[in-house]
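Novice: Submitted below is the structure of interest, expressed as structure tokens.
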Amino acid sequence: MASAVPLTTFFLLCALSIGCEGSSSLFSTLEPSLQCSACQFVSKHTRTWVHRKGRKWKKMSDSKKGKWINRGLSQVCNKVPQQTCKYNEDGKMVYADFNELIAKGGALEGLSMSEDINVELENVCKEIIKEYKLEIIDGYSSVKTPSKFNIENELCFELSSACAGDEDLEQLKTEL
């Protein structure tokens, strides 16, 4: 007789895309604008971490660079703002730090806030890091200075294609 798997364990495994057919990642279930926004979050915070070693970068061995990047990637998803929200920006839903939005002022359309949004962005961030960690490490390790690696272009357009369908961002990409 086969042993029964508790339902909570089954659903947890499915949510983590482990061990059940037809499961999909949280990232793939997001609408395209939120996929792009999450990818940009990961890019921004990874870049901030890695660039802290900008002046010492040339002197670091590839091994040390890899360890530094790996350490940063393990901390990126802990940088999700405490009051993360989703809102409509130019007809597209995006993630944002609510406190930064309030500081800017102005009207906000389609604002949505809850603890679930923080958890959602953190989990999506972890999925992106897990999926593309080696490519990010290779990309940064292959350049003389961190600023020479365009992580947003590589991660959000080339690897994950999260922002590839956005005409406004595609135009910005070609200008870089």
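Novice: Between S37, S43, S33, which is in contact with a helix residue (DSSP H, G or I) (Cβ under 7 Å, 6 or more places away or on another chain), surrounded by 11 or more Cβ atoms within 10 Å (Cβ to Cβ), modelled with pLDDT of 90 or more and of a type outside the set (F, W, Y)?
Specialist: Working: S37 fails: in contact with a helix residue (DSSP H, G or I) (Cβ under 7 Å, 6 or more places away or on another chain); S33 fails: in contact with a helix residue (DSSP H, G or I) (Cβ under 7 Å, 6 or more places away or on another chain).
Only one candidate passes the filter, namely S43.
Novice: Here's another thing I want to ask about it. Test each condition in (1) in contact with a Leu (Cβ under 7 Å, 6 or more places away or on another chain); (2) within 18 Å of K133 (Cβ to Cβ); (3) free of Cβ contacts under 8 Å to residues at least 40 places away in the same chain; (4) not basic (K, R) for Q75 and report the one that comes out false.
Specialist: So the condition that Q75 fails would be (1).
Novice: Also, I was wondering about something else. State the number of residues belonging to region 89-113 that are out of contact with any helix residue (DSSP H, G or I) (no Cβ under 9 Å at 6 or more places or on another chain) and either among the polar types (S, T, N, Q) or part of a loop (DSSP other than H, G, I, E, B) (or both).
Specialist: 5
Novice: Taking the residues in region 88-112 that are touching a Ser or Thr at 6+ places or on another chain (Cβ under 8 Å) and among the aliphatic types (A, V, I, L, M) as candidates, determine which candidate is most open to solvent (accessible area, probe 1.4 Å).
Specialist: Only one residue fits best here, namely M93.
Novice: Go through the residues of region 51-65 one by one and say whether even a single one is assigned to a helix (DSSP H, G or I), in contact (Cβ under 8 Å) with a residue 60 or more places away in the chain and under 15 Å from the mean Cα position of the chain (by Cα). Lay out the reasoning, then the answer.
Specialist: The first filter runs over region 51-65 and keeps only residues assigned to a helix (DSSP H, G or I), leaving 51-59, 62-65.
Applying the additional criterion that residues be in contact (Cβ under 8 Å) with a residue 60 or more places away in the chain yields 51, 53-54, 57-58, 62, 65.
Adding the requirement that they be under 15 Å from the mean Cα position of the chain (by Cα) leaves none.
Within region 51-65, not a single residue is assigned to a helix (DSSP H, G or I), in contact (Cβ under 8 Å) with a residue 60 or more places away in the chain and under 15 Å from the mean Cα position of the chain (by Cα).
Novice: Give K173, K144 a once-over and let me know the one that is of a type in the set (K, R), open to solvent by 50 Å² or more (accessible area, probe 1.4 Å), at pLDDT below 95 and part of a helix (DSSP H, G or I). Spell out how you get there, then give the answer.
Specialist: Values: K144 fails: part of a helix (DSSP H, G or I).
It is K173.
Novice: Within the bounds of region 26-45, is there any residue that is touching a residue at least 24 places away in the same chain (Cβ under 8 Å) and outside any helix (DSSP H, G or I)? Break it down into steps so the answer makes sense when it comes.
Specialist: Filtering region 26-45 down to residues touching a residue at least 24 places away in the same chain (Cβ under 8 Å) leaves 26-27, 30-45.
Keeping just the survivors that are outside any helix (DSSP H, G or I) gives 30-31.
Yes.
The values are calculated or read from the model by the stated rules, or taken from the named source; none is laboratory data. Keep in mind that what you see is a predicted model, and the values were worked out from it rather than measured. Neighbour counts are summed over all protein chains in view; Cβ atoms, including those assigned to glycine, are modelled from backbone coordinates with ideal geometry. Side chains included, ligands, DNA and RNA excluded: accessible areas come from the protein's heavy atoms. Shrake-Rupley method; radii C 1.70, N 1.55, O 1.52, S 1.80 Å.
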